[in-house]
Each structure stands twice: as C-alpha cells, then as structure tokens.
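Encoded as structure tokens, the structure appears first; notes follow it.
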Amino acid sequence: MLGIFYSSKGRLIRSGDGQAAYFPLLRNTVARKVVRLARLLGGMEAKYQAVRSAKQMSFFIELPLPKDLEQCFCQSAQKACPSAPCDRKAMLRGLFMRCGSVNAPSARYHLELVAPTAGWAATLVRMIHDHGIRAGIAERANHQVVYLKEGDGIVRALSLMGASRAVMEFENARVVREVSGQVNRRLNFETANIDKTIGSAMRQVAAIETLERSGRLETLPPALREIARARRAHPDLNLTELALRLNLSKSAVNHRLRRLMEIAETPPNGERSHTPAESNGQSQ
C-alpha cells in the first residue's frame with residue numbers, strides 16, 4: 001500500500017477527526033486492489049472516484065488512516081523504505097503496480113519503474129541491488145526511471161514481487177525467443193556456407209569451361225583432368241564431399257582446383273610449366 005501511495009505522489013488530507021491518504025491511479029485494477037487491501041488488512045473503507053479527462057481516465061483514492069499509520073505516509077524515501085525483507089518485497093510490489101512495466105521478451109528485455117523522485121529512484125536501485133539484481137537509472141521527460149535490461153534479473157525481480165504468473169509467461173516467451181534465435185543463427189550459418197560453396201563451385205566450373213574452350217584442358221596432367229571432370233559433374237558438392245567421392249584428401253582436391261583456376265587465368269602463351277607431380281598425375 002505504501003509503495004502505491006509514494007509512487008503516485010500521494011498526499012495527506014484532512015478527513016473527519018484524522019487524516020486520509022489521497023492519491024491518483026491510472027489503472028482501475030490497481031484502484032480496486034487498493035480498496036480490497038484496505039478493507040482486508042485494516043478494516044479501512046477506502047473511497048475512489050473515476051475522473052475522465054481529455055487524455056485518460058484517472059482514479060482518485062481517499063484512504064482514511066488510523067492514527068498509528070499516519071506517520072508512515074509522511075516520510076522521506078529513505079525512512080519509508082522498510083528494513084524487513086518481506087516488507088521490502090511488498091513495497092517493491094506496490095511501486096511496480098503503480099509505476100512499473102515490463103516488455104514482452106519476444107522483443108527485448110526491459111523492466112522499468114518510473115520513480116516519483118530522485119530519492120525514490122536511489123532507494124529503489126539500492127533495494128534491487130540488495131537482492132543481487134543489476135539495475136540502472138535514466139532520466140526521461142524529467143522523470144527518474146529505474147530499469148533492468150537482463151532477462152535473468154527481470155525474472156528474479158518479478159519473483160521477488162510475487163508475480164509468479166508473469167514469471168511463467170516471461171520465461172515461456174524467453175525460451176521461444178532463445179530457440180528462435182538459435183535456429184536463425186544456425187540457418188544463417190548454413191546459408192552462408194552454402195552460398196560460399198556454390199560461389200566457389202561456379203567459379204571453378206567457369207575456369208574449367210574456359211580451359212575446355214581453349215583446348216588446354218586435354219593437355220593437362222591426368223590428375224587435373226580427373227578433378228575437372230568431377231567438379232563439372234558435381235558442382236553442388238563441397239570440398240569434403242568431393243574428396244570422399246574421389247577418395248582423395250580435402251587438401252589435394254583444394255590444391256588441384258586452385259591450380260585449374262590459376263591455369264585458366266593465365267594466357268595460353270604465358271602458361272607456367274606444370275610441376276613434375278602434376279605431370280605424373282600425383283599432385284596433392
């Protein structure tokens with residue numbers, strides 16, 4: 001309750017012989033929860049009024065306070081922050097209900113709380129850090145925003161606030177996102193490899209056709225003619241698959257194909273002499 005009051009910048013007003021906490025809320029579900037909690041915890045009958053403006057609907061809560069609670073609603077952020085872990089969790093839950101939001105993890109990991117003051121922003125970060133969760137502060141439209149960017153930290157924060165259903169939904173969406181990311185990375189990797197293999201094979205086939213048109217292919221050593229025939233017959237195979245088909249090592253296949261391309265790029269009158277190993281059909 002205190003978290004909701006402070007995050008909405010509530011104030012104390014005179015009510016009968018005592019005081020009442022008066023604060024605005026933007027969500028009807030939160031306003032109804034405040035009314036139910038007040039009735040359940042302290043037997044307090046809270047009043048709320050819905051007011052529609054040109055931009056939005058607001059709900060104003062008037063909560064009569066017992067004498068022993070009045071002091072709790074007029075403290076600074078540092079003094080209002082409770083010391084007991086269970087009370088801190090309740091305070092954090094109230095602050096999130098009033099000024100917090102979390103993105104669906106299918107887009108990006110982001111949880112934020114728009115703090116009512118700079119003092120409350122510092123207190124919030126300290127509360128979150130005390131539970132081993134990393135958080136930062138950013139200024140947006142003259143407001144102090146406490147934010148979390150890590151998926152694990154957001155899950156821990158939601159668990160800390162008792163939002164078990166939100167944790168399950170967040171984790172499910174996060175799993176889908178991570179699996180989808182892994183599949184996309186794998187597809188991109190395989191597509192890049194396929195494109196590279198096809199590109200290399202097409203260049204090799206083009207070199208072989210150049211040699212064939214110039215009549216130089218038949219003058220090459222048997223080892224190079226063999227690899228040329230195999231590459232033309234199987235342009236879709238990568239080096240490893242081609243090597244297995246010819247019962248050669250991958251390095252031998254790579255060397256012979258590279259040699260074919262070098263010869264194809266060399267003018268006929270400037271062709272370099274073949275190595276003895278190639279002449280004997282033993283090039284590796």
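The values are calculated or read from the model by the stated rules, or taken from the named source; none is laboratory data. What you see is a predicted model, and the numbers here were worked out from it, not measured in a lab. Cβ placement follows ideal geometry from the backbone for every residue including glycine, while neighbour counts extend to all protein chains displayed. The protein model used for the area step is the full one, side chains on, heavy atoms only, and it has no ligands, DNA or RNA in it. Shrake-Rupley method; radii C 1.70, N 1.55, O 1.52, S 1.80 Å.
Points worth noting:
- One residue alone among ILE137, ILE133 is assigned to a loop (DSSP other than H, G, I, E, B), over 16 Å from the mean Cα position of the chain (by Cα) and among the β-branched types (Val, Ile, Thr), and that residue is ILE133.
- Search result, residues across segment 140-154 that are acidic (Asp, Glu) and assigned to a loop (DSSP other than H, G, I, E, B): GLU150
- Here is the figure for segment 94-111: residues that are of a type in the set (Lys, Arg) and over 24 Å from the mean Cα position of the chain (by Cα) total 1.
- Residues satisfying the stated conditions in segment 89-107, i.e. free of Cβ contacts under 8 Å to residues at least 24 places away in the same chain and farther than 23 Å from SER58 by Cβ: ASN103, ALA107
- Look at segment 58-79: where a residue is closer than 21 Å to VAL35 by Cβ and modelled with pLDDT of 70 or more and a partner is open to solvent by less than 20 Å² (accessible area, probe 1.4 Å) and part of a loop (DSSP other than H, G, I, E, B), sitting 6+ places away or on another chain with Cβ atoms under 6 Å, you get ILE61/ALA46; LEU63/ALA46.
- Matching helices (runs of 4 or more DSSP H) fully within segment 13-126 where at least 2 residues are more than 19 Å from LEU160 (Cβ to Cβ) and not hydrophobic (A, V, I, L, M, F, W, C): 28-42, 67-70, 77-80
- Qualifying residue in segment 197-220 (condition: open to solvent by 60 Å² or more (accessible area, probe 1.4 Å) and under 19 Å from LEU248 (Cα atoms)): no
- From the options MET161, MET168, residue that is buried (at least 19 other Cβ atoms within 10 Å of the Cβ) and at pLDDT below 90: MET161
- Residue within segment 234-241 that is touching a helix residue (DSSP H, G or I) at 6+ places or on another chain (Cβ under 8 Å), outside any helix (DSSP H, G or I), open to solvent by less than 40 Å² (accessible area, probe 1.4 Å) and within 13 Å of ASN254 (Cα to Cα) present: yes
- All of (1) open to solvent by less than 70 Å² (accessible area, probe 1.4 Å); (2) at negative phi hold for TYR48 with one exception: (1).
- Sub-6 Å Cβ pairs linking a first residue in segment 200-215 that is touching a residue at least 12 places away in the same chain (Cβ under 8 Å) and under 13 Å from ARG231 (Cα atoms) to a second residue that is of a type outside the set (Ser, Thr, Tyr) and outside any helix (DSSP H, G or I), at least 6 apart or interchain, are ALA201/PRO235; VAL205/PRO235, ordered by first then second residue.
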